[in-house]
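Just below is one structure, and these are the notes that go with it.
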Amino acid sequence: MMQPFEFIALTPTGFVDAAVAIAASRAGEIGVLDLAFGGSKQEIERLVQFGRDQIGVRVDVRDQALIVDVLPTVTGLQVAVLVGSLPRKNTKVAKALLKMQANGVRLLAEVTTIKAGVSAEVWGVDGVIAKGHEAGGWIGEETTFILLQQCREQITIPYFAMGGIGLHTAAAAYVAGAAGVVLDWQLALAKESALPDYVRQVVERMDGSETVRIGESTGAGVRVFVRPNAKPVDELSALAVTLDETQVAQWQTAVAARVGVGNYDQNIWLMGQDAAFASVFAAQFRTVAGIMRGLRESVEVHVQTAVDLQPLGKDSALAQSHGTAYPIVQGPMTRVSDKADFALAVTENGGLPFLAMALMREEEADALLKETSEKAGDLAWGVGLLGFISLELRREQKKVIKKYKPPFAIIAGGRPDQAAEFEADGIATYIHVPSPGLLAMFVKDGARRFIFEGKECGGHIGPRSSFVLWESMIETLIENKPRDVANLHILFAGGVHDDVSCAMVAALAAPLAAMGAKIGVLMGTGYLFTEEIISTGAILPNFQQ
């Protein structure tokens with residue numbers, strides 16, 4: 001039986017129009033009007049007049065005039081999303097919020113760190129919204145995928161996910177125990193959205209790489225849409241490098257003064273990477289109600305499919321293809337996974353190990369592959385290569401690989417033609433793919449083994465968080481499904497380390513498994529905490545500590 005799961009539709013930050021929130025509430029979900037950067041009582045009243053059941057507002061807790069003077073005069077609100085550090089209990093703002101809570105308004109604190117989430121629970125809010133690094137506006141270091149796992153362990157009140165939420169990742173949030181998810185710019189192209197045409201045209205073309213975080217030095221990073229010569233973004237970025245954490249108030253004021261959806265020379269657009277999902281939502285479901293209904297049905301189907309197919313279970317399709325007990329791959333780690341005995345420990349316990357070739361010269365590589373080949377015998381193992389090393393070094397490593405023919409290879413920054421060369425020698429080869437555009441090209445070029453590595457990973461990463469990357473890649477594979485779909489081998493990487501994170505991957509990847517693709521996970525960091533990594537000399541105890 002599915003547990004209760006709520007969808008919160010938040011109007012785009014910097015555009016005070018209640019249409020999307022009204023439509024969501026009339027569809028039986030929660031519609032929230034964003035007033036964190038200003039707004040009007042008239043628009044609040046419009047929300048109350050035309051909304052139905054669950055409606056609310058998002059407010060900055062520093063806005064005393066709004067919270068103390070305006071909101072108490074509004075009847076019909078059920079939810080208040082609170083942005084910023086919660087006020088001390090004896091302040092006017094705190095007293096006004098607590099009175100609203102006593103009158104039945106749910107207080108949800110928007111947090112970007114687990115520490116803030118724990119503090120909010122102690123303060124007495126009704127729930128927290130875990131806002132990930134990929135979301136638009138004020139953000140922290142942790143992505144939604146990581147924050148959800150932390151909330152599951154440390155938060156006892158309901159928690160919601162915001163950032164990177166799409167048709168597939170919503171199911172992952174459900175599996176992580178979230179009470180619901182928050183969408184904002186994902187709804188920008190819905191029929192009811194009143195955003196200007198020039199904004200809609202930008203959103204239609206997005207792929208998730210068009211936003212950046214600025215202001216890290218102040219301790220209050222903010223994610224914004226960026227384009228070449230965007231004057232407000234450039235000016236704020238220049239200001240940020242002159243400030244530190246003691247000047248955060250100055251920074252927040254400067255940002256707030258530029259927020260809006262005017263042209264690039266006037267405003268900054270507080271968009272998240274997940275705005276790229278808007279075109280898919282609009283094409284498939286058209287209206288806010290259709291999107292909400294589609295999401296709700298999608299969560300149920302994804303979870304049930306994952307339960308039925310168990311794509312990450314023991315002896316799964318990918319595990320059988322690899323000749324291992326589990327669909328788990330130990331990712332290559334430079335100067336760590338370069339010991340034959342460690343690789344042997346991984347493969348003897350059911351995983352697929354990869355030796356990191358990194359910048360090894362021919363003599364060193366030959367010794368390592370010779371030892372591993374002799375010790376592993378018929379067991380599965382592989383080598384990890386860098387696709388962007390010098391031609392001379394690549395030739396040396398390729399010579400050694402062709403000599404010993406490991407069963408598997410990974411090429412970071414690789415191309416289909418590089419993979420095809422190894423495949424021709426009987427070496428099953430995975431390549432990292434950092435963007436949906438490249439994935440579509442690689443599938444067309446015949447590549448069938450891919451690693452989707454979110455920015456939570458160590459090493460060479462792209463700009464997209466795991467949730468945003470995975471969501472986009474799944475949609476791309478559904479759209480560009482090859483005829484030989486059973487030959488697709490997909491590894492998900494970035495923030496995967498335990499039963500919960502793997503269950504989240506199983507849920508979001510369920511459509512690929514249903515198509516017949518083989519699904520697995522790649523982990524590196526988790527192996528750093530094993531006994532064998534010490535006993536085999538791959539790392540020293542002090543490094544592990």
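Odds and ends about this structure:
- Backbone N within region 506-545 under 18 Å of label point (7 Å from residue 349 Cα along the Cβ vector): 521-545
- Look at the alpha carbon pairs under 8 Å that are at least 6 residues apart: their mean separation over the length of the chain gives a relative contact order of 12 percent.
- Computed FRET value (nearest 0.05) for residue 534 with residue 212, which takes r as the C-beta separation and R₀ as 41 Å: 0.55
- Gyration tensor verdict on region 165-285 (Cα atoms; rounded if a/c is under 1.5, prolate if a/b is larger than b/c, oblate otherwise): oblate
- Extending 7 Å from Cα along the Cβ direction at residue 157 and again at residue 375 yields two label points whose distance is 5.2 nm.
- Stretching residue 98 away from residue 42 to a fully extended chain increases their span by 17.8 nm, per 0.36 nm per residue minus the current alpha-carbon distance.
- Theoretical gain in end-to-end length, residue 543 to residue 395 [0.36 nm per residue, Cα-Cα removed]: 50.0 nm
- In this simple spin-label approximation, residue 364 and residue 405 carry label points 7 Å from Cα along the Cα→Cβ vector, and these lie 2.8 nm apart.
- Over region 15-92, accessible surface divided per residue gives 44 Å², non-protein components excluded, 1.4 Å probe.
- Under 25 Å from residue 402, Cα to Cα: lysines that are on another chain or at least 8 residues apart: 339, 370, 375
- Summarising the label geometry, the points placed 7 Å from Cα in the beta-carbon direction at residue 246 and residue 74 lie 3.8 nm from one another.
- Amide H contacts of residue 176 (H built 1.01 Å from N, in plane; Pro and chain starts excluded): no residue 5 or more places away or on another chain comes under 5 Å.
- Candidate aspartates and glutamates for bridging to residue 398, where Cα separation is under 15 Å - those fewer than 8 sequence places away on the same chain excluded: 362, 363, 364, 366, 417, 421, 423, 425
- A simple charge model with +1 on the Cβ of Lys and Arg, -1 on the Cβ of Asp and Glu and nothing else charged puts the dipole of region 110-263 at about 240 debye relative to its Cα centre.
- Using Cβ point charges alone (K and R +1, D and E -1), the dipole size of the chain about the Cα centre works out to roughly 800 debye.
- With 0.36 nm allotted per residue and the present C-alpha distance subtracted, the residue 486-residue 314 stretch has 60.1 nm of extension available.
- Ordering 103, 86, 117 by the projection of their Cα atoms onto the charge dipole of region 11-155, which places +1 on the Cβ of Lys and Arg and -1 on the Cβ of Asp and Glu, puts 103 at the extreme positive end.
- For the chain, the fraction of 1.4 Å probe accessible surface lying on carbon and sulfur atoms is 51 percent.
- Under 18 Å of direct C-alpha separation, and excluding same-chain neighbours fewer than eight residues apart, residue 314 reaches these lysines: 518.
- The 1.4 Å probe gives accessible areas that order 227, 483, 88, largest first, as 483, 88, 227.
- Gyration tensor (alpha-carbon) shape descriptor, region 239-315, a/c threshold 1.5: oblate
- Dipole magnitude for region 394-545: about 680 debye, using +1 per Lys or Arg Cβ and -1 per Asp or Glu Cβ, origin at the Cα centre.
- Among the protein heavy atoms, those of residue 497 account for about 100 Å² of accessible surface (1.4 Å probe, every chain in place).
- By DSSP, the beta bridges lying fully in the chain are antiparallel in about 10 percent of cases.
- Sites residue 231 and residue 200, calculated FRET efficiency, Cβ-Cβ separation with R0 22 Å, nearest 0.05: 0.50
- Listed residues 50, 145 arranged by accessible area, highest first, probe 1.4 Å: 50, 145
- Per residue, the accessible area of region 393-545 comes to 41 Å², computed with a 1.4 Å probe over protein heavy atoms only.
- Farthest toward the positive end of the dipole of the chain, out of 165, 452, 287, is the Cα of 287, where the dipole comes from beta carbon charges about the Cα centre.
- Residues 528, 295 ordered from highest to lowest accessible area at a 1.4 Å probe: 528, 295.
- Temperature 20 °C, viscosity 1.002 mPa s: under these conditions the Stokes-Einstein estimate for the chain, based on its Kirkwood radius over C-alpha pairs, is 87 µm² per second.
The values are calculated or read from the model by the stated rules, or taken from the named source; none is laboratory data. The model shown is predicted, which means the values in this text are computed figures rather than measured ones. Using ideal geometry, Cβ is built from the backbone for each residue, glycine included, and neighbour counts are taken over all protein chains shown. We work out accessible area using only protein heavy atoms, side chains counted, and drop any ligands, DNA or RNA first. Shrake-Rupley method; radii C 1.70, N 1.55, O 1.52, S 1.80 Å.
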